[in-house]
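One structure below.
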Amino acid sequence: MQKRKQKAETNQRKAVQAEAAHKAAKEEELAAQTEHASAKRGVEDAQAKLDAAKQSGDKEAEAAAQKELDVAKKKRLLLLKKQARPKKKAAQTEKSYNSALVKTETAVQTRQRQAAEAQAKRKKAKAGLIDAQSDHTAAEANLKAKEDALEKARKESGAGSSAFQNAQAEVDQAKKPCSRNAVKTNRGKEYP
């Protein structure tokens, strides 16, 4: 009886420690995600500045905006890589926590925990879908702007001009993220 009580207390203590470690790892993961989201916005802002500079025809502003975009892209890539470690750590601590928790909970508690985990996965999937939809909307708006610029170049310079050719290349480039994001949003629709 005494041994069983000690084992239960040990299991409870381990579960509390595992929960604390998991919470800390999740906070670290969230901080990394927030940093990456901020860097992603930085890339979008820099791209918008570059587009505006190209439209204005100011070569100096265009060069500066291109430089800013390159720096923003490097920062985003670095933070994307940096985000992998906290994500992996959070997954590992979650496994440890769940393992420790199983030893301390009743069947009812297990069902409740599993239901909460399933709900959390659905929320995460919905959030991913919302992100993909917003990326797709932004890509569509960018494509529309490029198509308008193409039409303007055709009217002003003619279909054979270098301005038209450049605008056509930009339209082709803008179509790529549109189709990629469309696939992501369609995949995400399985999550109600």
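Every number here is computed from the coordinates shown, using simple stated rules; none is lab data. Because the structure is a prediction, the values reported are computed rather than measured. Methodologically, a virtual Cβ is constructed for each residue, glycine included, from the backbone with ideal geometry; neighbour enumeration extends over all protein chains shown.
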(request) Scan the range 39-47 and give yes if some residue there is over 25 Å from residue 150 (Cβ atoms) and aliphatic (A, V, I, L, M), otherwise no. (result) yes
(request) Would you check which residues across the range 34-49 are over 22 Å from residue 90 (Cβ atoms) and either surrounded by 17 or more Cβ atoms within 10 Å (Cβ to Cβ) or touching an Asp or Glu at 6+ places or on another chain (Cβ under 7 Å) (or both) and list them? (result) 42, 43, 46, 47, 49
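Pull up the range 60-69, narrow it to residues that are of a type in the set (D, E, K, R) and exposed (fewer than 15 other Cβ atoms within 10 Å of the Cβ), then point me to the one that is farthest from residue 163 (Cα to Cα). Even if it seems obvious, please write down each step before you answer.
First, pick out the residues of the range 60-69 that are of a type in the set (D, E, K, R): 60, 62, 67-68.
Filter once more, so that each one left must be exposed (fewer than 15 other Cβ atoms within 10 Å of the Cβ): 60, 67.
On the way: 60: 18, 67: 22 Å.
Restricting to residues being of a type in the set (D, E, K, R) and exposed (fewer than 15 other Cβ atoms within 10 Å of the Cβ), the top hit is 67.
Here's the yes/no breakdown for (1) on the phi < 0 side of the Ramachandran plot; (2) exposed (fewer than 14 other Cβ atoms within 10 Å of the Cβ); (3) out of contact with any His (no Cβ under 9 Å at 6 or more places or on another chain):
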{"site": "19", "(1), (2), (3)": "yes, no, yes"}
{"site": "23", "(1), (2), (3)": "yes, yes, yes"}
{"site": "27", "(1), (2), (3)": "yes, yes, yes"}
{"site": "32", "(1), (2), (3)": "yes, no, yes"}
{"site": "51", "(1), (2), (3)": "yes, no, yes"}
{"site": "58", "(1), (2), (3)": "yes, yes, yes"}
{"site": "71", "(1), (2), (3)": "yes, yes, yes"}
{"site": "80", "(1), (2), (3)": "yes, no, no"}
(request) Check residue 6 against each of (1) surrounded by fewer than 16 Cβ atoms within 10 Å (Cβ to Cβ); (2) closer than 30 Å to residue 164 by Cα; (3) polar (S, T, N, Q) and name the one condition it does not meet. (result) (2)
(message) Given (1) out of contact with any helix residue (DSSP H, G or I) (no Cβ under 6 Å at 6 or more places or on another chain); (2) in contact (Cβ under 8 Å) with a residue 60 or more places away in the chain, identify the lone condition not met by residue 94.
(response) (1)
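Please state which one of 139, 149, 125 is part of a helix (DSSP H, G or I) and over 20 Å from residue 45 (Cα atoms).
On the way: 139 fails: over 20 Å from residue 45 (Cα atoms); 149 fails: over 20 Å from residue 45 (Cα atoms).
After ruling out the rest, the residue left standing is 125.
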